[in-house]
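Input: a single structure, listed below in structure tokens.
The values are calculated or read from the model by the stated rules, or taken from the named source; none is laboratory data. Note that the coordinates shown come from a computational prediction; the quantities given were computed from them, not determined experimentally. Cβ placement follows ideal geometry from the backbone for every residue including glycine, while neighbour counts extend to all protein chains displayed.
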Amino acid sequence: MSFEQVRTRALQYLPADSLGVIESAYQFAAAAHDGQLRKTGEPYLVHPVAAALILTDLRLDQDAIAAAILHDVPEDCGVPIAEIDKRFGSEVASLVDGVTKLSKVTSLAHDGRNPTKAGDELVQAENLRKMLIAMAEDMRVVLIKLADRLHNMRTLAALKPERQRAIAQETMEIFAPLAGRLGIYQIKSELEDLAFSYLEPERYREIAQLVAQRRAAGEQYISRVIREVRRTLDEAKIVAEVSGRPKHLYSVSRKMRAYQTIGREFADISDLLAIRILVETMPECYHALGVVHSLWHPVPGQFDDYIANPKQSMYQSLHTAVIALDGQRIEIQIRSHEMHHVAEYGIAAHWRYKEGGRKADIQFEERIAWLRQLLEWQKEVRGAQEFVDSVKTDLFRDQVFVYTPRGEIKDLPAGATPLDFAYRIHTDLGHRCVGAKVNGRLVSLNTALKNGDIIEIIAPKSGRSPSRDWLNPNLGYVKTSHAREKIRQWFRRQERAENLDRGRELLEKELKRLALHKPFDEIAKLFKYDKLEDFFVAIGIGEVNPGTIAVKVATAEPRPITLPLTPKRSGAVPIGAVAVMGVGDLVTTMARCCSPVPGDVIVGYITRFRGVTVHRGDCPNVRNPAEPERIVRVDWMLGKDQVFPVRIRLDAWDRVGLLNDVTAVIAAEGINMNAVQTESSMDGTATISMKLETSGIEQLSRVLGKLEAVKGVLGVSREAG
Ligand code: MN
């Protein structure tokens, strides 16, 4: 670890003339710390230089790097801040000052004066408060503090055991979650693994051993998988980096605990076999996903789209699991290089963009708002303990803690529902569940639970069974894979004939609803089923979710690069929603004949006066092109808040309040409805036609599913147009 490395790495992203301040900070710190040693026996200077090196990973600016090198100078060498200010400017001085203030509070907790429990809490609360204020003022202070802590953790072995434990504990409780909250997963995982090794040394060794054994066996296998994925992506002409994914011991440990509570073994932890695919652009992520899913069977219920729905830490990626070579299950993450950078460095990556004036980042602003809000709260809470508790709960926002009526505490992932809770208590209770009370009030089974909720499950002794709706992710009944698996098991045990019929029905309904024209057996092939009957059964027992069919058909289909004719009419379009391949800024217009929405396969047709008109790939108006060269490849490129019109038809038994219920569902999805027509017929049914502004085929599929569940509704479909 030398200053040379800091120089080299900084030069990779900073202009050469910005290195001056870093170099003179180094000279100054070297002189100031001269003769001082760390507990490890090394020269003290090693520590601030190591912290600076960590910050070059985050690509922080020269002032922050200089401040990291100087961070212990005021404290350990008695150099006043004014001196730093004079030599390095006010920017560096205020960063060093911020870090010093944080260190002062931190060191109080561990000065061996053996403070009382209450005293400890007070110090911790004060710590947190300072940290949050510092963060709200200048994020870099906290990033320097994290780098400082990370290097101290790496060299913790030199301290006495009590200090090791105390520092490890604080790291696990405050610094690791904080890094996670800021989205800096690289630092978070390393802090966790280090703290874990000091807090539970035996368990740490045990898991390290298990993982090492497993890895030795898995290495060859993974490289075969990687070769196969590379070859297939090559064929699809996608430029990608494919690699195995390192696994962090602490997260394995946590997963094992979670598995043990549901009675499974280490061998079941499949994500030890994991790979990552990095591509250039966001659309390529979906393209690569389609390629991987047509190579191997996806494991149902394991697909997560964090691109469309980024995590709060701004993390974006596609997650899926497939049954790969030799029937082994592997996990796959797909993301662009930029998403990957954000995944590793979180807020630091965004902060940089903002500083560079590259983009005003709304999510970044939201995060700062979160900090400010936290500071507001801490003014309101009375005791120190309360404050610590409230901050901790907020840092661990991925979990909710709820209670049984008898006061037993259960933890569930954020977003879990009463149904998840029921299955968590007992499989049979889940199967029989017909309703739930949260804090004494009746709620619907797909309500998201909140911290501290008391949940009572209503379940008749017999005569009830799970509903297939519970498996439809669009309806949001279950969040945990545990509950989903139990429900699936129940259906698997039902008659094959019954499952087959239900599966066929569900598929027919979904295709009709979305106005997708594709033969059943072709769709079955997309899902890797040779026999259509098996495919129906798979849908019937919830192994294939009909809600995924739209996306599958849209992503797996080779893009049509043929066939146009002038469209009849075209409507106004959201600008920039569609990217035309290989052509610059062209005006694009959505064809009104087929009203494509994002997710549909589309082609562009170059018109004489109106730029490019965008049609659905299967639109009859773009068959048989008179001038095939006018056809261009186009792709969806969505910004925020873009919507697309689509016509919907709904048939239902007519009743008072029908239209009300329908519009409520649509409003709840945040969808605009701009033309509604209701027609009642003699046979007691009604037809509602409406125009919705949807963000794409996924939302459409979801809202159609919800409309279907409205009382009295016989069918809902997208009008073919
Ligand atoms: Mn330090």
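Each residue in the stretch 415-457 was checked for being free of Cβ contacts under 8 Å to residues at least 60 places away in the same chain and assigned to a loop (DSSP other than H, G, I, E, B), and 15 of them qualify. When restricted to residues that are of a type in the set (Lys, Arg) and either more than 27 Å from ASP304 (Cα to Cα) or surrounded by fewer than 17 Cβ atoms within 10 Å (Cβ to Cβ) (or both), the stretch 469-499 contains 3. Before we move on, is ASP61 within 16 Å of ALA93 (Cα to Cα) and either out of contact with any His (no Cβ under 6 Å at 6 or more places or on another chain) or more than 12 Å from the ligand (Cβ to nearest atom) (or both)? In short, yes. Within the stretch 661-686, being in a strand (DSSP E or B) and either surrounded by 16 or more Cβ atoms within 10 Å (Cβ to Cβ) or among the basic types (Lys, Arg) (or both) holds for one residue alone: ALA686. Residues in the stretch 64-84 that are within 14 Å of the ligand (Cβ to nearest atom), within 17 Å of GLN27 (Cα to Cα) and part of a helix (DSSP H, G or I): 8 in all. Condition test on GLU173, is it surrounded by 15 or more Cβ atoms within 10 Å (Cβ to Cβ) and either part of a helix (DSSP H, G or I) or at pLDDT below 90 (or both)? Judged against the criteria, GLU173 is a match. Among all residues of the stretch 268-285, there is at least one that is at pLDDT below 85, over 22 Å from SER223 (Cβ atoms) and charged (D, E, K, R). Looking only at residues in the stretch 36-52 that are within 13 Å of the ligand (Cβ to nearest atom) and not in a loop (DSSP other than H, G, I, E, B), the one that is nearest to LEU11 (Cα to Cα) is ALA52. Cβ-Cβ distances below 7 Å connect the following pairs, each with a first residue in the stretch 208-220 that is part of a helix (DSSP H, G or I), a second residue that is surrounded by 10 or more Cβ atoms within 10 Å (Cβ to Cβ) and not basic (Lys, Arg), and a separation of six or more residues or different chains: ALA208/LEU249; LEU210/PHE266; VAL211/LEU249; VAL211/VAL252; VAL211/LEU272; ARG214/LEU272; GLY218/LEU272; GLY218/LEU273. When the residues of the stretch 137-170 are filtered to those that are assigned to a helix (DSSP H, G or I), modelled with pLDDT of 90 or more and polar (S, T, N, Q), the one that is farthest from the ligand (Cβ to nearest atom) is GLN164.
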